[in-house]
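So the structure is just underneath, and the comments pick up after that.
Each reported figure results from applying straightforward, stated rules to the coordinates on display, with no laboratory input. Note that the structure is a prediction, hence the values are computed from the model and not measured. Neighbour counts run over all protein chains shown; Cβ positions are idealised from the backbone, glycine included.
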Amino acid sequence: MADTLLSIQDLSIAYQVGALDVVAVSEASFDVPQGAIVGLVGESGCGKTTMARALTRVIADNARIAAGAMQFAGQDLAAMSEREMNNLRWRDISFIPQSAMNSLDPVYRVEYQILEVLRDRGGMSKQQARARAVELFEMVGIDPGRLRDFPHQFSGGMRQRAAIALALALNPKLVVADEPVTALDVIIQRQILDQLRSLQRDLGLSVIMVTHDISVVAYICDRTVVMYAGKVVENCDTATLLNEPLHPYTMGLKNAFPDLQSAGTGVLTPIAGSPPDLIDPPKGCRFAPRCPFATELCRSTEPPLTEAAADHHVACHRADEAATLREVAQDPATWGTAA
Amino acid sequence: MSTLKPFLIRTLQLMLVLWAVVTILFLMFRLMPGNPLAAYIDPTFTAEQQEALIRQFGLDKPLWQQYFTYLGNLLQGELGYSFRYRTPVAERIMLLLPNTLILTFSSLIVAYTFGILAGAWLAWKRNSRFEAAALPAVLATRAMPEFWLGMVLLAIFSFSLGWFPAGGTRSAGTSYDSLWQLYTSANFLSHLFLPMMTLAIYSQGLPLLLMRSNMLDVMKEDFVTMAKIKGLSPSAVVIRHGARNALLPVMTSFAIAVGYQLQGNVVVESVFSWPGLGRELVNAVAASDYPLAQGAFLMIAIVVITMNLIADLLYTFLDPRISHA
Amino acid sequence: MPDTSVKATSSGIARIFEAIKLPVGDPFALAGLIIYALFIFTAIAAPLIAPYDPTEILYTEDYDLASDLLPGEEGHILGTTSLGRDIFSQIVWGARSALLVGFTAAFMVAFIGSVVGLLAGYFGGRVDAFLMRLADVAFGIPFLPFVIVISAFSEPSIWNTVIAMALVLWRDTGRVIRSQVLSLRSRGYVEAARVVGSSDLKIILRHITPNILPLSFLYGSIAIGWAILTEASISFLGFGDPDAISWGFMLQDAFASQALARQAYHWFIPPGLAIILVVSAGFFISRGYENLLFPKLGR
């Protein structure tokens, strides 16, 4: 296995809401190997976006990193000074936002926004930056003639490509992509994911791909971390996750999304119920209230994240019965929404 | 071009508005109590003068004919003769317009410069004690009668401290070779200072509050968050991306403020005996110099309407989402 | 579009009261309401509070004209004017003029604006086009010069000034109410009432009016301040009602009597402060009201 670029260790992130602390990410741990795409998947509100933003340390005013470490190339991102952190931003860790429309400044031309990063953060001269901008646009497949356009003149797909170009501008080690294709239609999604994949291979990048869509994970990610209600519930390589999931939530998630490759014709089965309120999370396993396989133990005691098989981490009391549970999970009736 | 058409429609609309205002003006001065001829003819004019004016303005004709004569005269810039000055109204107005425009623009430039900076600063300091004290203070400046503020400044800085002259545009007995020389002289500028500050203090609240609330909105935008994630310096984040976006509606409001300011000038010019259009309007109305009052009113209306148009235009021009559609 | 819809459960007067509920939760608005309460009390009880008739020319015990007395002299709280009138009494009576002007103008502005907005928004088409062009014209009229000319050329009275203000100021209210009506009209229950065959009048009164009342009230409360400031300007310029003692009149009196050159701050500062107090109280109330109606606009 390749070297580890980033290692998240027992990371907790809390939002202060009134007098209460809401823990959006709770004791999460996982590794990102050098040169791999790691998916971070879960329903909205599971803490995956909070986690992604924590890697840049640009988080909401009322949020704070409460505990844990983020070891990045030998340094703890959580512990370093704001000055040191700012030095790393975009040069080492860049970000692809979900909505490229709102994340490009509407009053400046796209070129200006690329040059801004290349010159302010990359220390390039104007000529160097211009040449690099053209190169970047060619890399992501946009006609460099469109550099002088304003963001609103781009199509949704072009904006997302521009956002990728922007993220690659300074040759970062790690790119955090927050739902980069969610707003696009399936065909464009696939084109952009293909592009991202080939760029990632060519440049030897590490990518964290945040998504709610397990088919995106299946399509592009080497490894996958499944999150539920602020907790990491399963973490292994993607092929294993899809073929032999150990956690019932992963099994349910798999049923709930179409396959990106076959443009999905199968029946989709959503998981009934909704994630728990993080102000007052359930006592035992957080998924227990929605889990068709939950036992008394699940409801009373929280399962720890353990290595159930080689390089396969899961937080479930019944992980050893997974093979049987998988059979049952195939039946839509199990999830209580078959009708 | 696609951006030109709505602009042309708007221009046309405002031409219609101008026509409507001109018509209201005509009726207002024609329907006032007393002799309808009084709108143009002073009893002290000589018989020949009266005769000539009756012919020029068709005052012996029915009302509707007078109306068309009036429109025709207006199109040629013919506004009649002032009763008091015995000179053409248009000439008199053109003489006073520069004074009013200088006062208006200088005060608004000061007000907007201060208001934009202070508004951005207040947004930066949101939820602080400083903000809690500053906001009601700013609202109170909007609640002041402008002329009263002028009186207070006049009493303190002119009568008590003697730092500035009490009124007019220059000291008695001084003369200048050209208007440019006058306007750039220390004498003129010291006369300008107090009325300018009066209007500026009153006007800064609008850009300040607008800038502040826009900044608060813009700083929540994704592109500002992205600028932080890019590791750009705080000044680049706040000024280049925050303020630049928040400024757009503030700049548009500048043109509208010119129109409002011109109306506020009416009282402040009176306090400082500033020979501008507003004071002239008041004096003309008080002295029943109808042609002059009508002319001054019309000129103010033209500036107000033009500024409304410029506000639209500015908005289109400054926002690339519209100008590069 | 701001959603100000009121749950149509209670009916009639109860619903109106529910619609115009006062923003007592906001500290600034509460301060504004207290100032308003004091202001209204002063206006009503002016004859009881004011020690003198505000227009009476007063004499000292030695039968000299009691002119230009300083605050405290001869028992005059704020001193006297050059004509020997009691300044404090004028301030008290000025509240009455301000109240009268502010509230009547606000009522007229809110009323005209709401009716125009209702008609334009509800009937649309030509009615809408006509009324909105009318609003454009009102926006093209220089407000203060217009009020000056009307006040000067008509009988000098507070009412003519108020009418002149209302003739222009309805424009903002009209536009806002119109867009509110447009959004209300597209909602289910108005459509439903139509299908059931309710008459236009019934729909307007029953379903639309209660929902625009808060906005009318908001714009009315903003107009109070405008009206008081404008009346002060008109009086200051000498076009006001000569029989009414208003704060603007006091300032004109002080200005014309060289109070500035004579540093008679006690004469011209109090009327200005009175205006600021009442007008900013109005601002605080309307701001609190706005936050109540459109919470998302507040910071």
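Observations
- Average Cα contact separation per residue, chain A, under 8 Å, 6 or more apart, as relative contact order %: 19 percent
- Max mean-square fluctuation residue, GNM over chain A, Cα-Cα springs under 10 Å, options A:Leu246, A:Leu11, A:Leu297: A:Leu297
- Average beta-carbon neighbours from other chains, 10 Å sphere, peptide A:104-114: 4
- The residue list A:Ser94, A:Ser215, A:Val25 was ranked by how far each Cα lies along the charge dipole of chain A toward its positive end, using unit charges on Cβ atoms, and A:Ser94 comes out on top.
- Counting only alpha carbon atoms, the long axis of helix B:186-203 and the longest principal axis of chain B meet at about 70°.
- Proximal charge balance of A:Phe137 [Cβ under 14 Å; K/R count +1, D/E count -1]: +2
- Counted over the protein assembly as shown, the DSSP beta bridges are approximately 65% antiparallel.
- Local electrostatic count at C:Ala98 - Lys and Arg +1, Asp and Glu -1, tallied over other residues with Cβ under 13 Å: -1
- Per-residue [θ]222 nm for chain A (sum of -39500 (n - 2.57) over DSSP H runs n ≥ 4, rounded to 500): -9000 deg cm²/dmol
- With contacts taken as Cα pairs under 8 Å and at least 6 residues apart, region A:102-170 reaches a relative contact order of 42 percent.
- Within region B:60-76: backbone nitrogen closer than 16 Å to the B:Leu27 label point (7 Å, Cα to C-beta): B:63-68, B:71
- Highest average packing first - A:223-235, A:51-63, A:15-27, Cβ atoms within 10 Å: A:223-235, A:51-63, A:15-27
- The alpha carbon radius of gyration of region C:146-274, expressed as a multiple of 2.2 N^0.38 Å, is 1.55.
- Sorted by Cβ neighbour density within 10 Å, fewest at the top, the residues B:Ser288, C:Ser151: B:Ser288, C:Ser151
- Summing charges over neighbours of B:Gly167, with a neighbour being any other residue whose Cβ is under 11 Å away from its Cβ, gives +1 when K and R count +1 and D and E count -1.
- Here B:Leu161 and B:Ser128 are evaluated by their C-beta separation; at R0 = 22 Å the FRET efficiency comes out at 0.05.
- Evaluated over region A:247-335, the Cα radius of gyration and Dmax, each in Å: 14.0, 41
- FRET efficiency, A:Glu43 to A:Lys126 (Cβ-Cβ, R0 60 Å, nearest 0.05): 0.85
- Spatially proximal aspartates and glutamates relative to A:Lys254 (Cα-Cα < 14 Å; intrachain offsets below 8 disregarded): A:Glu43, A:Asp213, A:Glu234, A:Glu244, A:Glu327, A:Asp331
- Cα-centred dipole magnitude for the protein assembly as shown, charges only on beta-carbon of K, R (+1) and D, E (-1), debye, nearest 20: 1500 debye
- In degrees, nearest ten, helix A:110-120 long axis to first principal axis of chain A (Cα): 90 degrees
- Zone of C:Thr55's modelled label, taken as backbone nitrogen in region C:152-167 under 20 Å from a point 7 Å along Cα→Cβ: C:152, C:154-162
- Calculated FRET efficiency for the pair B:Ala52/A:Tyr112, C-beta based, R₀ 60 Å, to 0.05: 0.40
- Relative contact order [Cα under 8 Å, 6+ residues apart], region B:89-320, whole percent: 30 percent
- A crude spin-label estimate for the pair B:Thr306 and C:Ile40, with each label 7 Å from Cα along the Cβ direction, gives 4.6 nm.
- Take each residue in C:145-156, count the other chain C-beta atoms within 10 Å of its C-beta, and the mean is 6.
- Annotation: amide H-H contacts under 5 Å for A:Val176 (H modelled 1.01 Å from N, sequence separation of 5 or more, or interchain): A:Ser94, A:Phe95, A:Ile96, A:Ile208.
- Farthest toward positive dipole pole in chain B [+1 Lys/Arg, -1 Asp/Glu at C-beta], among B:Tyr81, B:Leu25, B:Pro165: B:Pro165
- Other protein chain Cβ atoms within 10 Å, averaged over every residue that makes up C:228-240: 4
- The charge dipole of chain A, taken about its Cα centre with unit charges on the Cβ atoms of Lys, Arg (+1), Asp and Glu (-1) only, comes to about 1020 debye.
- Taking the charge dipole of region C:153-299 about its Cα centre, with +1 at Lys and Arg Cβ atoms and -1 at Asp and Glu Cβ atoms, the residue from C:Pro214, C:Phe284, C:Ala254 reaching farthest to the positive side is C:Pro214.
- Listing C:Ser154, A:Ser206, C:Ser235, B:Ser128 from fewest to most neighbouring C-beta atoms within 10 Å gives B:Ser128, C:Ser154, A:Ser206, C:Ser235.
- Share, in percent, of DSSP beta bridges within chain A that are antiparallel, nearest 5: 60 percent
- Going from the fewest other Cβ atoms within 10 Å to the most, the residues C:Phe41, A:Phe72 appear in the order C:Phe41, A:Phe72.
- With the Kirkwood sum run over all distinct C-alpha pairs, chain B has a hydrodynamic radius of 22.6 Å.
- Backbone phi angles across region B:240-254, fed through the Karplus curve with coefficients 6.51, -1.76 and 1.60 (θ = phi - 60°), yield HN-Hα couplings of 5, 9, x, 5, 4, 6, 5, 6, 3, x, 5, 4, 4, 5, 4 Hz in residue order; Gly and Pro are listed as x.
- B:Leu318 paired with C:Val195, simple spin-label distance in nm, labels 7 Å along Cα-to-beta-carbon: 4.6 nm
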